[in-house]
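Novice: Below you'll find the structure I mean.
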Amino acid sequence: MNINPNQLTDYANTFIKVLIDYSPKLISAFIILFAGLYIIRLINRFIRRIMVKRNLDPTLTRFLADILLWVLRIILFVSFISKLGIETSSFVAILGAMGLAVGLSLQGSLSNFAGGMLIILFKPFRVSDTIEAQGVIGTVSEIQIFVTKLVTANNQTIFIPNGSLSNGNIINYSLEKIRRADLTIAISYDTNIKEAKDIITKVLKNNPKILETPAAEVSVKNLTDSAIQIAVRPWANNEDFWGVYADTLQNCKQAFDDAGIIIQPFVKESSKKNNPTEQLE
């Protein structure tokens with residue numbers, strides 16, 4: 001095969017001409033690429049520092065920072081190939097279609113992810129808080145991206161999806177420093193109400209864990225067919241609540257026994273009405 005020197009010269013001249021014409025785009029594209037990578041790194045560090053200062057959950061901080069990093073890299077890549085003169089409209093359309101497909105397939109997971117971000121940002125509860133939600137009560141041991149982990153009083157672990165948790169009712173028993181116990185003690189109609197209330201009040205005053213302010217309440221709650229119901233509502237610090245709850249019941253029972261007052265057992269009142277034909281018979 002014979003090689004024509006003139007053709008080689010023409011090819012070389014054409015290549016050099018194209019390289020000279022294209023070199024400004026090539027140089028500017030790589031400048032954008034390297035400068036963009038450096039700026040993205042700075043932005044990512046800055047965002048991480050802000051989220052750490054806001055006391056966001058470490059798992060969420062890393063996850064959001066990684067999402068931001070890859071979004072900025074994709075934008076930079078599109079800008080890079082666009083600067084090279086490559087058509088990007090089809091490329092962007094493919095990315096959009098892929099994003100839509102992923103979003104539809106992970107709709108439930110994205111809902112849980114959004115719920116997790118709402119929980120961590122607005123903090124309706126924190127780790128170690130005792131909450132009631134979705135029909136369960138437990139202590140929050142971990143707030144993850146998609147689920148929140150609760151540990152119940154009998155040491156069972158419950159995972160609640162963040163989507164349903166953020167959209168439902170949440171009772172946070174640990175948010176306030178003090179808490180009121182709502183107790184009901186039933187006594188018979190033969191009992192002197194004032195004497196019973198005085199005994200309960202004395203029991204409450206003798207318990208150092210019961211707060212003086214707000215003052216405990218002892219009052220008649222209801223008059224049923226079988227008993228007089230007395231409401232007993234002492235206040236206690238959150239950490240003393242269950243101890244106060246149990247001690248109040250035990251000490252009131254003991255004090256009533258010493259005073260000869262019998263606590264009326266609970267009697268379920270029947271709602272069934274008598275049949276008039278049976279009465280006639």
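Novice: Leaving out same-chain residues fewer than 8 places away, which lysines sit with a Cα under 28 Å from that of Lys149?
Specialist: Within the straight-line limit of under 28 Å, Lys149 reaches these lysines: Lys53, Lys123, Lys177.
Novice: Would you mind classifying region 178-259 by shape? Square roots of the alpha carbon gyration tensor eigenvalues, ordered a ≥ b ≥ c; an a/c under 1.5 is rounded, otherwise it is prolate if a/b is larger than b/c and oblate if not.
Specialist: It comes out prolate by the Cα gyration axes.
Novice: Mean separation of Cα pairs under 8 Å and 6+ residues apart, divided by the residue count of region 124-172: what relative contact order is that in percent?
Specialist: 36
Novice: Enumerate lysine pairs in region 178-259 that are 8 or more residues apart or on different chains, then count those whose Cα atoms are under 17 Å apart.
Specialist: Taking region 178-259 as the scope, the lysine pair count is 9.
Novice: Let me ask something else. Run the paramagnetic zone check for Ala153: 7 angstrom along Cα to Cβ, then residues of region 124-141 with backbone nitrogen under 18 Å.
Specialist: 128-141
Novice: Quote the FRET efficiency, to the nearest 0.05, computed for Asn167 versus Ile74 with a Förster distance R0 of 25 Å and r equal to the Cβ-Cβ distance.
Specialist: The formula returns an efficiency of 0.20 here.
Novice: Would any residue of region 164-186 have its amide N under 11 Å from a label point 7 Å out along Cα→Cβ of Gln134? List them or say none.
Specialist: Residues passing the 11 Å test: 164-168.
Novice: Let's test the formula: R0 of 51 Å, r as the Cβ-Cβ distance of Asn44 and Arg180. What FRET efficiency results, to the nearest 0.05?
Specialist: Using R0 = 51 Å, I get an efficiency of 0.60.
Novice: Using the Karplus curve 6.51 cos²θ - 1.76 cosθ + 1.60 with θ = phi - 60°, what ³J(HN,Hα) values do you get for each residue of region 225-235, in whole Hz, with x for Gly and Pro?
Specialist: Running phi through 6.51 cos²θ - 1.76 cosθ + 1.60 with θ = phi - 60° gives 5, 10, 7, 9, 9, 10, 8, 10, 10, x, 9 Hz.
Novice: In what sequence do Thr248, Thr139 fall when counting other Cβ within 10 Å, fewest first?
Specialist: Ranking Thr248, Thr139 by Cβ neighbours within 10 Å, fewest first, gives Thr139, Thr248.
Values in this text are rule-based calculations from the coordinates and carry no lab data. Computed from a prediction, not measured in an experiment: that's the story for all the values here. A quick note on method: Cβ atoms are made from the backbone with ideal geometry, for glycine too, and the neighbour counts reach across all protein chains shown.
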